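Below is one structure, written out as structure tokens; comments come after it.
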Amino acid sequence: SSLPFPVLPPAAALQQAYTLLQDLGCDDSAYARKLLDLQVHPRLAHMILKSAEISAQAAETAVKIAAILSEKDFLRSAPSADLSLRLESFHKNHGDHAALFRVRQTADRIRSVMKLKKQDPANDDFHTILHAGQLLAYACPDRIARRRPQFQNQYILANGVVAELNENDPLTQSSFLVVGETSTLNGKTRIHLASPLTEDVLRKEFAHRITERFETNWDAGSKCVRAQSVHAIGSLVLDRKNVADPPEDVLLSAFLEGIRKSGFSALGLSKNELAFRQRVTFLHRQGLEEYPDFSEEGLMSTLEDWLAPYVT
């Protein structure tokens with residue numbers, strides 16, 4: 001925030017960057033320095049360090065993923081954005097050889113910095129689609145995505161972005177993805193590299209990212225609040241369940257808002273109560289300050305004061 005930018009970046013973009021760095025553990029300065037030492041994007045550095053905690057083989061796969069994402073795609077003609085195709089082609093030496101050479105150089109440099117021994121691909125059980133998605137999610141927790149039910153090739157990312165695959169991409173069969181690379185043109189975001197992720201792995205390995213919130217809506221017909229518990233990762237909703245006993249503050253806020261939407265008649269006051277209200281309102285308008293504003297407008301704007309304490 002103290003850097004002398006010629007043009008200050010938008011506040012929202014800065015906040016998004018800070019949030020990502022916190023998600024990657026950079027609020028710990030010692031850990032942040034470890035990420036810097038790897039000389040790759042902090043996303044990729046975090047993925048490599050997290051993978052090294054699993055096994056040497058996982059770290060090897062993470063190094064290759066990091067190298068692939070750091071360089072030009074050497075398999076642009078592939079029929080799918082699936083990252084596993086790149087991992088397989090990396091071993092078989094298929095694709096643009098000049099681009100592949102640079103990817104290998106980057107992988108060698110990362111191994112050297114990390115002091116990692118190159119692993120035998122024959123023993124690499126982390127080249128499966130499942131594990132590639134898990135490792136990529138360490139790098140891109142804000143890009144965990146779920147297919148939108150009404151669109152076969154569109155996905156909502158945890159950061160709120162809607163992105164799409166080519167309609168004939170086999171990855172469209174996956175309900176959940178982790179998106180590694182995108183581009184945006186004319187307001188449309190396209191997915192160029194991604195990996196499938198199962199919901200089981202998502203809920204197990206990234207449980208700490210799942211939050212619970214309550215959503216409510218006012219049923220004007222029955223004059224009551226309907227509430228749902230929503231489990232989500234950012235903008236990505238995992239499930240919704242009806243609940244009968246949401247937190248009291250959530251329920252109260254929705255109830256008062258519902259009364260305001262339905263109008264004064266929703267209070268169901270009796271004739272005697274309405275007459276009393278009119279008499280007090282008359283006296284208030286005559287300038288007698290000891291009588292409160294009991295007009296419809298006055299009462300509806302102060303529900304929190306006179307109604308809220310009695311709702312429960």
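The values are calculated or read from the model by the stated rules, or taken from the named source; none is laboratory data. Computed from a prediction, not measured in an experiment: that's the story for all the values here. Cβ coordinates were reconstructed from backbone atoms using ideal geometry, including for glycine residues, and neighbour counts include every protein chain displayed. SASA here: full protein model, heavy atoms, side chains in, ligands and nucleic acids out. Shrake-Rupley method; radii C 1.70, N 1.55, O 1.52, S 1.80 Å.
Dipole of region 261-311 (Lys/Arg Cβ +1, Asp/Glu Cβ -1, origin at the Cα centre): which of 295, 280, 270 lies farthest to the positive side? Among 295, 280, 270, the one farthest towards the positive end of the dipole of region 261-311 is 270.
Once C-alpha pairs closer than 8 Å and six or more residues apart are averaged by separation and normalised to the residue number of region 166-283, the relative contact order reads 15 percent. Against the chain, whose longest principal axis comes from its Cα atoms, helix 83-92 is set at around 10 degrees.
Coupling constants for region 291-300 follow from the phi torsions by the Karplus curve (6.51 cos²θ - 1.76 cosθ + 1.60, θ = phi - 60°), and in residue order they are 9, x, 7, 9, 5, 4, 4, x, 5, 5 Hz; glycine and proline get x.
Taking a ≥ b ≥ c as the square roots of the eigenvalues of the Cα gyration tensor, region 1-96 is classed as oblate, since a/c reaches at least 1.5 and a/b does not exceed b/c. What residue among 200, 96, 82 shows peak mean-square fluctuation when the chain is described by a Gaussian network model with Cα springs under 10 Å? Highest fluctuation among the options: 200. Largest first, the residues 312, 106 sort by 1.4 Å accessible area into 312, 106. Across region 1-88, C-alpha contacts under 8 Å between residues 6 or more apart give a mean separation that, scaled by the residue count, equals a relative contact order of 15 percent. Annotation: amide H-H contacts under 5 Å for residue 181 (H modelled 1.01 Å from N, sequence separation of 5 or more, or interchain): 192, 193. Axis angle, to the nearest 10 degrees, between helix 56-70 and the longest C-alpha principal axis of the chain: 80 degrees. Pairs over the 24 Å Cα-Cα cut-off, from the set 72/118; 118/204; 92/188; 50/117; 92/117: 118/204; 92/188. For the chain, the fraction of 1.4 Å probe accessible surface lying on carbon and sulfur atoms is 52 percent. Spin-label model, residue 11/residue 150: points 7 Å from Cα along the beta carbon direction are separated by 3.3 nm. Applied to region 168-178, the Karplus parametrisation 6.51 cos²θ - 1.76 cosθ + 1.60 on θ = phi - 60° returns per-residue 3J(HN,Hα) values of 9, 6, x, 5, 5, 6, 8, 6, 10, 9, 10 Hz, with x for Gly and Pro.
Using alpha-carbon pairs under 8 Å, 6+ residues apart, how would you state the relative contact order of the chain in percent?
11 percent
Residues in region 212-226 carry Karplus couplings, in order, of 10, 9, 10, 10, 10, 9, 8, 8, 5, x, 9, 6, 8, 9, 9 Hz; the curve used is 6.51 cos²θ - 1.76 cosθ + 1.60 with θ = phi - 60°, and Gly or Pro positions show x. Using only side-chain charges placed at the Cβ, +1 for Lys and Arg and -1 for Asp and Glu, the dipole size of the chain relative to its Cα centre rounds to 980 debye. For helix 271-285, report the angle its Cα long axis makes with the longest principal axis of the Cα atoms of the chain; keep it between 0 and 90° and round to the nearest 10°. Once rounded, one gets 90 degrees.
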